[in-house]
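Asker: Pasting in a structure now, in structure tokens, and then I'll have a few things to ask.
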């Protein structure tokens, strides 16, 4: 069997593992700097120029710390849950078209939208397990909240992710992304109601304010991370950051036209990656802005928001989109 | 609220970037006691020269030990230097209240604005008068 | 008003005749030697005036006997009820059935002096640590704490095996609390059913060390009971000593003291309002409030020389004068802060997440507030309008006009709003004091030896009423210093308001009573 060096390079370096990692650290820096400036303070500023290397420095620092395991923790789950979550998230990212083609295949396969949403659900489940295996009351209560929150919000997430699929007529991310550019305008213009709801749902899935409840420092000390130290904690943090990038990338692919944009001479792969990164940063900035703006809701308020408001609205938005496609848009 | 937060992205942060930028202190900030502008060098117990001092001449006939009696942190100890009793200031214990500045009947202790006193050697914070200068 | 307090004295004299001796003018409005009838006298006072409550219970070591003073406040008066028990048999009857708010005070006297109250027995230790040996009571005169040998550490607490009810410990180390205290919260699902406090983690024995230091040193010691309300502590002590010495403080010093106290209040309220934001997850609001707190700390540095510990008060006046060149700087900073207040008020009233988390949570009804003897913004948020600056004016507060802020709803939101409005009132008070400052000396000389006598002084600290009792014995050190801090009186209210709430609401409820555990434990 011939070893395909090109494929390995794509997986490991670009647009695979290294690129995703660097993008995650960069998005983390952007978030912290933005939050700091909004709060009228400086943010990271010493590690590297303007603090660019601060997330990397934090990661490396955590890798050098001592690893402590509680006596009553479930050993195997405790050790491998953070790593499993991280691996699932990066694997899910690998299916998204970044430079015109995704990491694994150049054209995806029909149904890979459902596959990557499933992977992200499994990754959240791994996070829940990591808190559950800690044998710490704070971890247990917090992981119960994580489970209720992400399982509850997964349903409107799936329904809203189906909206672009309906318009594009396919469940393949490639088809959805290229449909927006080649055939019609990006879906943010065609179905803005779905876009806004999707933003809110992603905010809840990523556990950012106002849906910050599982990570509530003031009540639960550390949430699911309470008993973690050292490299495992580094990977937990990294998983959270990759989740943010994944959520933003999903929005970019489904509603903003993916990596496709005007190619102004030269290599199309370069321009596609550039447009992808720019759109991703825009979404990250918007979600971070919303995070700093709000306080934290209580768990019962989060759940009632889901079942009483977001879910019915998601169903309504799907119905509206189907109606618009069938009767209104062909006329335009 | 969102208008205010959006505008803050473009305003200058309110942080004073210490230690790159030092803040401006009011002139009667209560820093380390015992600075006068004309000083005699005193030797601290670790041997390095610290540029602090108090006006040793006025202490010649005092022997009142009021500063040691009034110090709330018990940071002033009366020691024998060259046959005379002199105060020894332990800056490890000092709370910078400047009560000694007020109590001294001869105004031999004055206040200063120095606050950057961190050091890695505890002994260099115990200050006593230099025996050579004390007998002038 | 003279009417009410004369009534109480008349009621007592008519009911008990010569069995008790009333000494008007001492310890507030009057001191009463109860001669063993303290329960009956207290019952008569509660029947005569519904707003009677306990401020503090002081224990004293009188040589052969142990003395107790019940400091009782009525609507317009303040009384001290004395009782004595012999050292061999120190038992008194409890008053917690008449006034429930006396619970913590009695437990503390039992722990530190050894006086047992029938009906309110102390199990284990209340303020002292678990490994303090039994039978040694540190505040008695014959005990030297340096020579006490501590026992072994207590065994680990066993978590109950019952799976349904979970005991959730908001433990000594916790990000929600500024200082360590342990609260064992029993929850069923997400609803709180009981809260058991364990205080005493920050107990430093300040009341005992005050007896071995001179008055001059004690001013600085007492200031360090709490970092946030330090000027109020210093002022409480100094005010009580000046009453024993019967000195007249010059008018300029009185106004300077008011400025220092109000600056303390501004800085403390800004801290609490920001901290409340942090508890509900609103970090942006927290950073904004603390950014606005920095100029106030610069002002405190300008007037007193240090950002936190002002050390401005001394017996006989203040230690330094205010320069005329500093006054414009103070006024500019205060007017800048005043311009920002409408924005913060709008945030508190309009922001939906704040209202969702804070309104109708942690409600304390007015009757409960009166019975549990709460003080400060916690009381004023429930409609109970006590404010020492108005009820018993001290320093220059009698001459400065200001409003007392009272809200009726009694929930977390009302308590934070009380503090927000008090910010504006404090700014007005400081500006008035700056404009009308009399000229003259700012300090008088006082003797170092304080004659035999006792006095009390009450100060309105940012968290509530702070109470000091000082007893002099003719030497340069006080015989007894008793401090009753506002958070100490407010914690029983938290134990009541937390019941029936979600776990998620416990931290904002707790922060709204503005806890300061250094004050609580001394």
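The values are calculated or read from the model by the stated rules, or taken from the named source; none is laboratory data. It should be emphasised that the depicted structure is a prediction, and the values quoted were computed from it without experimental measurement. We place every Cβ from the backbone using ideal geometry, glycine too, and count neighbours over all the protein chains shown.
Asker: Scanning segment A:137-161 for residues that are surrounded by 19 or more Cβ atoms within 10 Å (Cβ to Cβ) and within 14 Å of chain C (Cβ to nearest Cβ), which turns out modelled with the highest pLDDT?
Answerer: Looking at the filtered set, the residue picked out is A:149.
Asker: Pick from A:230, A:222: which is within 14 Å of chain C (Cβ to nearest Cβ), over 19 Å from the mean Cα position of the chain (by Cα) and either surrounded by fewer than 22 Cβ atoms within 10 Å (Cβ to Cβ) or more than 30 Å from residue A:324 (Cα to Cα) (or both)?
Answerer: Values: A:230 fails: within 14 Å of chain C (Cβ to nearest Cβ).
A:222 is the lone residue from the list that is within 14 Å of chain C (Cβ to nearest Cβ), over 19 Å from the mean Cα position of the chain (by Cα) and either surrounded by fewer than 22 Cβ atoms within 10 Å (Cβ to Cβ) or more than 30 Å from residue A:324 (Cα to Cα) (or both).
Asker: Let me ask something else about it. For segment C:211-323, which helices (runs of 4 or more DSSP H) that fit wholly inside it have 3 or more residues that are touching a residue at least 60 places away in the same chain (Cβ under 8 Å) and touching a helix residue (DSSP H, G or I) at 6+ places or on another chain (Cβ under 9 Å)?
Answerer: C:215-223, C:230-245, C:251-279
Asker: Look at segment A:264-292 and say how many of its residues are without any contact (Cβ under 8 Å) to a residue 24 or more places away in the chain and either within 14 Å of chain C (Cβ to nearest Cβ) or assigned to a loop (DSSP other than H, G, I, E, B) (or both).
Answerer: 4
Asker: I've got another one for you. Of all residues being assigned to a loop (DSSP other than H, G, I, E, B) and under 17 Å from residue A:192 (Cα atoms) in segment A:249-263, which is nearest to the other protein chains (Cβ to nearest Cβ)? Just the residue, please. Full working, then the answer.
Answerer: First, the residues of segment A:249-263 that are assigned to a loop (DSSP other than H, G, I, E, B): A:256-263.
Cutting the leftovers down to under 17 Å from residue A:192 (Cα atoms) gives us A:256-258.
Values: A:256: 22, A:257: 26, A:258: 28 Å.
Only one residue fits best here, namely A:256.
Asker: How many of the residues in segment B:115-125 are surrounded by fewer than 19 Cβ atoms within 10 Å (Cβ to Cβ) and in contact with a strand residue (DSSP E or B) (Cβ under 8 Å, 6 or more places away or on another chain)? Give the derivation first.
Answerer: Going residue by residue through segment B:115-125, those that are surrounded by fewer than 19 Cβ atoms within 10 Å (Cβ to Cβ) are B:115-124.
Within this subset, residues satisfying the condition of being in contact with a strand residue (DSSP E or B) (Cβ under 8 Å, 6 or more places away or on another chain) are B:123-124.
Adding up the residues that qualify gives 2.
Asker: Can you give me the number of residues within segment A:253-288 that are touching a helix residue (DSSP H, G or I) at 6+ places or on another chain (Cβ under 6 Å), closer than 16 Å to residue A:173 by Cβ and at pLDDT below 85?
Answerer: 8
Asker: Sort through C:314, C:332, C:325 and tell me the only one that's more than 30 Å from residue C:411 (Cβ to Cβ), surrounded by fewer than 17 Cβ atoms within 10 Å (Cβ to Cβ) and modelled with pLDDT of 85 or more.
Answerer: C:332
Asker: For segment A:131-168, which residues satisfy the criterion of being assigned to a helix (DSSP H, G or I) and more than 21 Å from residue A:247 (Cα to Cα)?
Answerer: A:131, A:132, A:137, A:138, A:139, A:140, A:141, A:142, A:144
Asker: Let me ask another. Since residue A:164 meets every condition but one in (1) at pLDDT below 80; (2) buried (at least 20 other Cβ atoms within 10 Å of the Cβ), which condition does it not meet?
Answerer: Of the numbered conditions (1) at pLDDT below 80; (2) buried (at least 20 other Cβ atoms within 10 Å of the Cβ), the odd one out for residue A:164 is (1).
Asker: Test residue C:195 against the stated conditions and say whether it is within 14 Å of chain B (Cβ to nearest Cβ), touching a helix residue (DSSP H, G or I) at 6+ places or on another chain (Cβ under 6 Å) and touching a residue at least 40 places away in the same chain (Cβ under 8 Å).
Answerer: Values: within 14 Å of chain B (Cβ to nearest Cβ): no; touching a helix residue (DSSP H, G or I) at 6+ places or on another chain (Cβ under 6 Å): yes; touching a residue at least 40 places away in the same chain (Cβ under 8 Å): yes.
Answer is no for this residue.
Asker: Among the residues of segment C:76-115, what is the count of those that are over 23 Å from the mean Cα position of the chain (by Cα) and more than 23 Å from residue C:200 (Cα to Cα)?
Answerer: Summing the residues that are over 23 Å from the mean Cα position of the chain (by Cα) and more than 23 Å from residue C:200 (Cα to Cα) in segment C:76-115 gives 11.
Asker: When you scan segment A:186-216, how many residues do you find that are touching a residue at least 60 places away in the same chain (Cβ under 8 Å) and either assigned to a helix (DSSP H, G or I) or in contact with a strand residue (DSSP E or B) (Cβ under 8 Å, 6 or more places away or on another chain) (or both)?
Answerer: 17
Asker: Give me the residue from segment B:68-114 that is modelled with pLDDT under 75 and within 14 Å of chain C (Cβ to nearest Cβ) and, out of that set, surrounded by the most Cβ atoms within 10 Å (Cβ to Cβ).
Answerer: Looking at residues that are modelled with pLDDT under 75 and within 14 Å of chain C (Cβ to nearest Cβ), I get B:104.
Asker: Considering only segment A:169-178, state which residues are part of a helix (DSSP H, G or I) and surrounded by fewer than 22 Cβ atoms within 10 Å (Cβ to Cβ).
Answerer: Start the filter on segment A:169-178 by keeping residues that are part of a helix (DSSP H, G or I), which leaves A:173-178.
Matches in segment A:169-178: A:175, A:178.
Asker: Considering only segment A:274-313, state which residues are farther than 21 Å from residue C:282 by Cβ and surrounded by fewer than 17 Cβ atoms within 10 Å (Cβ to Cβ).
Answerer: A:274, A:278, A:281, A:282, A:307, A:308, A:309, A:312
Asker: Any idea which of C:92, C:103, C:66, C:122 is closer than 28 Å to residue C:151 by Cα and buried (at least 22 other Cβ atoms within 10 Å of the Cβ)?
Answerer: Only one candidate qualifies: C:66.
Asker: Something else: Which one of these is under 22 Å from residue C:457 (Cβ atoms), modelled with pLDDT of 85 or more, crowded, with 20+ Cβ neighbours inside 10 Å and more than 10 Å from every other protein chain (Cβ to nearest Cβ): C:381, C:376?
Answerer: Exactly one residue qualifies, and that residue is C:376.
Asker: Inspect all residues belonging to segment C:434-451 and state whether any of them is in a helix (DSSP H, G or I) and surrounded by fewer than 23 Cβ atoms within 10 Å (Cβ to Cβ).
Answerer: yes
Asker: Here is a further query. Limited to segment C:311-322, what total is found for residues that are at the interface with chain B (Cβ under 10 Å from one of its Cβ atoms) and under 25 Å from the mean Cα position of the chain (by Cα)?
Answerer: 3
Asker: Restricting to segment B:88-103, name every residue that is part of a loop (DSSP other than H, G, I, E, B) and in contact (Cβ under 8 Å) with a residue 60 or more places away in the chain.
Answerer: Selection gives B:94, B:96, B:97, B:98.
Here is a yes/no grid of residues against (1) more than 25 Å from residue C:315 (Cβ to Cβ); (2) in contact with a helix residue (DSSP H, G or I) (Cβ under 9 Å, 6 or more places away or on another chain); (3) in the same structural domain as residue C:73 (by TED's automatic domain parsing):
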position	(1), (2), (3)
C:462	no, yes, no
C:471	no, yes, no
C:474	no, no, no
C:477	no, yes, no
C:480	no, yes, no
C:512	yes, yes, no
